[in-house]
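The values are calculated or read from the model by the stated rules, or taken from the named source; none is laboratory data. Values in this document were obtained by computation on a predicted structure and should not be read as measured data. FYI the Cβ positions are ideal-geometry reconstructions off the backbone, even for glycines, and counts take in every protein chain you see.
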Amino acid sequence: MLKTTTKLLVTTALIAGITTAASAADKVKWKLATTWGSTLTPFIDAPTNMASLVETMSDGKFTIRVDAANKHKAALGILDMVKGGQYEMGHSASYYWKGKDIDTLPFTTMPFGMTTPEQYAWFYYGGGMELMKKAYAKHGVLSFPGGNTGNQMGGWFRKEINTVADLQGLKMRVPGFAGEVMAKLGLSVTNIAPGELYTSLERGTIDALEWVGPGMDISMGFHKIAPYYYTGWHEPATELQFLVNEKSFEKLPKDYQQILLTAMRVSAYDMYIQNYDMSAKAWSTMLTEFPDIKVKTFPKDVMDAMKKANADLLEEVKKESPIVKEVLESQEAYQKQARKWTEMSDFLYLKDNL
């Protein structure tokens, strides 16, 4: 069932306008595979809400079946399944594919990078969508923003981190470019599918992990094993993605294409505000309900080491691919421009009112 906020975002006039055009079109049935399990709210809600919107706006003639990871059993195989046509669509995160194609890395988020509003502005008004299309063209798929988590927490650790030396030798689940940064600081880094995180931490396969934020983390139970909860630096604006097989998209009637684009954009934003609500509520009660959780920020020398490792690695990765270089430089330029307004508006407002 659609969340109330999603319903409000799609007006009656919009639905009426698109469904009128869709009424004469043939029925279309698609399948979508997700990285997430069927109960992983709000990640699973983004594709589910999107599919509901598509069905509503097409007057039931364009339907999309959403298969969670526990059904298709390939949580980190979404790109390959959409690329190969096994599924017309997928819902995942772009940085999961960095081992296959480094060009896909920057479209989720980057350490010390843009905030969520800055990144959305870059996607839709700063050239980000065009660069993402360019990066994914070789795979025959289209990628679209699929819901943002906002600033993520820095992770759950079994022991307190007081110095850079405390990080060395730890086994940690951390994906994306942040994983490269942590590896440079001496950690053994791995990426594990969401459904296996708690078991891996419980069995000692890993010593630490980062997931999302309090709204999603508490229900996973990580605090029972790793009580040190660190604030974020590595994923300031984690954008999930909708992947669409390009040939399948081109075969759609034009009105169905517009329905799909509209539904993806609306459901992505709804996931962002849903997750924000979840974390705000969880944070307000977390320390009362779970007093053993120790909320920490990384010490300055640790943060300085992370920033230096990040800067060094950025220069290295820019040499690997002209597309990565183009994307990273576009993001850096936009962040520099947008951050002046972020500081003037949000930062100074919060500074003066907390």
For Lys159, state whether it is surrounded by fewer than 21 Cβ atoms within 10 Å (Cβ to Cβ), free of Cβ contacts under 8 Å to residues at least 24 places away in the same chain and touching a Leu at 6+ places or on another chain (Cβ under 9 Å).
-> no
Residues in region 209-222: is at least one over 23 Å from Tyr276 (Cα atoms), outside the structural domain of Thr48 (by TED's automatic domain parsing) and modelled with pLDDT of 95 or more?
-> no
Considering Tyr125, Tyr136, which residue is over 13 Å from the mean Cα position of the chain (by Cα) and crowded, with 23+ Cβ neighbours inside 10 Å?
-> Tyr136
Kindly establish whether Glu320 is surrounded by 14 or more Cβ atoms within 10 Å (Cβ to Cβ) and either in contact (Cβ under 8 Å) with a residue 60 or more places away in the chain or under 21 Å from the mean Cα position of the chain (by Cα) (or both).
-> no
So is Ala237 in a loop (DSSP other than H, G, I, E, B), closer than 26 Å to Thr39 by Cβ and in contact with a Leu (Cβ under 7 Å, 6 or more places away or on another chain) or not?
-> no
With respect to the numbered conditions (1) surrounded by fewer than 20 Cβ atoms within 10 Å (Cβ to Cβ); (2) farther than 26 Å from Arg339 by Cβ; (3) in contact with a Ser or Thr (Cβ under 8 Å, 6 or more places away or on another chain), which one is the sole condition not fulfilled by Met216?
-> (1)
Of all residues in region 240-277, which are assigned to a helix (DSSP H, G or I) and among the β-branched types (Val, Ile, Thr)?
-> Ile259, Thr262, Val266, Ile273
When region 298-354 is checked residue by residue, the ones that are of a type in the set (S, T, N, Q) and under 18 Å from Leu187 (Cα atoms) are Asn310
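Can you say whether Val181 is under 21 Å from Gly77 (Cβ atoms), at pLDDT 95 or above and crowded, with 17+ Cβ neighbours inside 10 Å, as far as the supplied structure shows?
No; evaluated as a whole, the condition is false for this residue.
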Is there a residue in region 177-200 that is of a type in the set (Val, Ile, Thr), part of a helix (DSSP H, G or I), assigned by TED's automatic domain parsing to the domain that holds Lys308 and out of contact with any helix residue (DSSP H, G or I) (no Cβ under 6 Å at 6 or more places or on another chain)?
-> yes
